[in-house]
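Data first, discussion second: the structure below is written as structure tokens.
Nothing in this text is a laboratory measurement; each read-out follows from the coordinates by a stated rule. This is a predicted model, so every value here is computed, not measured. FYI the Cβ positions are ideal-geometry reconstructions off the backbone, even for glycines, and counts take in every protein chain you see.
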Amino acid sequence: MITKDTIKEIAFKNGVNLFGVASIERFENAPEGFHPKDIYSKTKTVIAFAIKLPTESLYADNPIPFTHVNTLAMQKMDLITYNISSELDNLGLKNVLIPTDDPYLFWNNDKQEGRAILSLRHAGYLAGLGNLGRNNLLINKDYGSMIQIGALLTATEFKSDPLADYEVCPQNCRICLNICPNKALTGNTVIQKNCRPISNYKTEKGYIIKKCFECRKNCPSVLGLKQ
């Protein structure tokens, strides 16, 4: 019989730094069309995990290093997710893997708004990996927001891990909201039409770079919670 500890051991063997699971009941407030069961109707448990990112690229004077770290982290997490999924499948635990970013189906051209098939930030929160900050990023107490999240869906039922019991935003802190050059943050969500032109900036040659990540870089909790 495959236990949660077995899955956790496989996940950490494959290089994750954080691991948690959330029962399907925790997703009752997921938007219509973006619920785990909209992806895989048999889902009973969402398995979430994350890797820690190198941090100093945040403070480079050129946006290319952070862009490259971000790109490599997504590729690495997709490969980790695939490897975990394959190992569990070989052990008899059927599962469906979720991409760490794109592709996704939903796109609103007027709002320049895209949605992944499953919000990994919320899956990570519901699996106990951290809490959501006002900058709309999942923040872990040890690694801050410098993490990349992956997830699997399974029809096997496992007990949920506890939700994170710590606050990630200092009381009355508005640094991320005030520093955003395009006023894209509301404290609860991101206005993608304002954010996208600078967070996914297209150069004259056609490269997409992370030109702005001020809301992450200037967050007091970006590298974890100060003790």
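Listed by Cβ neighbour count within 10 Å, with the fewest neighbours leading, Phe158, Phe12, Phe66 appear as Phe12, Phe158, Phe66. Using R₀ = 35 Å, calculate the FRET efficiency as 1/(1 + (r/R₀)^6) where r is the Cβ-Cβ separation of Lys202 and Val96; round to 0.05. Step by step, r from the Cβ atoms, then E = 0.60. Of the trypsin sites (Lys or Arg not before Pro) found in the range 108-181, those in coil by DSSP whose Cβ has at most 10 other Cβ atoms within 10 Å are Lys159.
Taking 30 Å as the limit for the C-alpha separation, the pairs Lys94/Lys193; Lys8/Lys141; Lys37/Lys210; Lys183/Lys226 exceed it in the case of Lys94/Lys193; Lys37/Lys210.
Taking every alpha-carbon pair under 8 Å whose residues sit at least 6 apart, the range 1-125 reaches a relative contact order of 25 percent. Structural descriptor for the chain: relative contact order 25 percent, calculated from alpha carbon pairs under 8 angstrom and at least 6 residues apart. Extending 7 Å from the Cα toward the beta-carbon at both Lys42 and Met74 defines two label points whose distance is 3.0 nm.
Using a simple charge model, +1 on the beta-carbon of Lys and Arg, -1 on the beta-carbon of Asp and Glu, nothing else, what dipole does the chain show about its Cα centre, in debye to the nearest 20? Intermediate values should be presented prior to the final figure.
On the way: 27 positive and 22 negative charges, 96 e Å.
Charge dipole, the chain, about its Cα centre: 460 debye, nearest 20.
Net length available on complete extension from Arg115 to Thr55 is 19.0 nm, with 0.36 nm assigned per residue and the Cα-Cα distance removed. From least to most packed, judged by other beta carbons within 10 angstrom and beginning with the fewest, Tyr207, Tyr82 follow the order Tyr207, Tyr82. Take the Cα of Glu9, step 7 Å toward its Cβ, do the same at Leu225, and the gap between the two points is 3.0 nm. Listed by Cβ neighbour count within 10 Å, with the fewest neighbours leading, Phe49, Phe213 appear as Phe213, Phe49.
By the Cβ distance rule (another cysteine Cβ under 4.7 Å), the unpaired cysteines of the chain are Cys169, Cys173, Cys180, Cys195, Cys212, Cys219. Shape class for the range 81-167: oblate, because the ratio a/c of the largest to smallest gyration tensor axis (alpha-carbon atoms, square roots of eigenvalues) is 1.5 or more and b/c is at least a/b. Going through (i) 38; (ii) 29; (iii) 24, the figure that equals percent of Cα pairs over 28 Å apart as computed for the structure here is (ii). Each part reduced to its alpha carbon centroid, the range 85-148 and the range 170-202 end up 19 Å apart. Extending 7 Å from Cα along the Cβ direction at Asn172 and again at Thr189 yields two label points whose distance is 2.8 nm.
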